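Following: one structure in structure tokens, then a few remarks.
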Amino acid sequence: MKGLIIVGSAKVGSHTNALAKYLVGQFDNHDIDVDIYDLAERPLNQLDFSGTTHPTETVKANTKDFQDKVMEADFLVLGTPNYHGSYSGILKNALDHVNMDYFKMKPIGLIGNSGGIVSSEPLSHLRVIVRSFLGIAVPTQIATHDSDYNKLDDGTLYLDDEQFQLRAKLFVDQIVSFVNNSPYEHLK
């Protein structure tokens with residue numbers, strides 16, 4: 001079983017990335033290989049069918065790698081900061097580089113972080129996107145706030161809230177259960 005967590009924050013070392021790293025540890029408890037694709041660290045070009053923008057070779061390679069990783073994954077986790085009450089534009093752009101063939105009948109987890117007012121609204125918006133891709137958004141989701149994190153001496157963020165740590169375990173258990181017990185395998 002292989003999973004992919006897509007971090008849709010424009011900031012390197014974001015709270016969303018810290019949550020993704022915490023989830024990787026939870027998936028490790030199930031002996032599941034999970035990669036993190038952080039869009040701040042590995043940007044994709046803006047989708048451009050008109051051909052007016054010319055991505056660098058690095059961005060072209062990032063895009064192909066992103067598409068390959070999404071296709072190969074048995075499940076996905078979409079992570080976003082709360083940007084103006086919705087999910088980030090960089091995540092939207094990344095999703096524009098794939099289609100329903102990449103998501104069809106795969107379990108999809110949704111995670112987000114708010115710096116201001118705590119809101120799960122970005123995750124509600126992503127649920128609609130997941131449905132349009134024919135993915136299966138798992139019921140449990142995680143919507144954290146900056147105050148749920150702490151910093152190590154080197155400035156690295158980590159999830160420090162016990163309730164969210166427990167929720168993360170439930171979230172991961174639910175995704176693993178969906179992958180292991182999928183009644184939709186014949187529809188892929």
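Across the chain, Cα-Cα pairs farther apart than 30 Å form 15% of the total. What residue among Val59, Val130, Val138 has the largest mean-square fluctuation in a Gaussian network model of the chain, using Cα springs under 10 Å? The residue with the greatest mean-square fluctuation here is Val59. Rounded to a whole number of µm²/s, how large is the Stokes-Einstein D of segment 43-112 at 20 °C and 1.002 mPa s, given Rh as the Kirkwood radius over C-alpha pairs? After rounding, the answer is 162 µm²/s. The convex hull defined by the C-alpha atoms of segment 64-151 has an orientation-averaged projected area of 6.1 nm². Shown here is the pair-distance distribution of segment 1-70: with all Cα-Cα distances grouped in 10 Å bins from zero up to the longest one, the shares run 20, 41, 29, 9, 1 percent.
For segment 1-113, the antiparallel share of DSSP beta bridges with both residues in that region comes to about 5%. Loop-located trypsin sites (Lys or Arg not before Pro) in segment 1-85 (DSSP state not H, G, I, E or B) with no more than 15 neighbouring Cβ atoms inside 10 Å: Lys11.
Averaging the Cα positions of each part gives two centres, and for segment 118-177 and segment 1-70 these lie 16 Å apart.
Note on the chain: helix-only mean residue ellipticity at 222 nm, from DSSP H runs of 4+ residues weighted -39500 (n - 2.57) and normalised by residue number, equals -12000 deg cm²/dmol.
Backbone amide hydrogens, once placed in the peptide plane, bring Gly112 within less than 5 Å of Thr80, Ile142, Ala143, Thr144, excluding anything fewer than 5 places away on its chain.
Each peptide in 22-33, 73-84 was scored by the mean count of other Cβ atoms within 10 Å over its residues; highest first, the order is 73-84, 22-33. Pairs exceeding a 19 Å alpha-carbon distance, out of Lys2/Lys106; Lys104/Lys169; Lys21/Lys151: Lys104/Lys169.
Read-outs: derived from the displayed coordinates by stated rules, not from any lab. Source: prediction; values computed, not measured. No Cβ is skipped: glycine too gets one built from the backbone with ideal geometry, and neighbour counts run over all protein chains shown.
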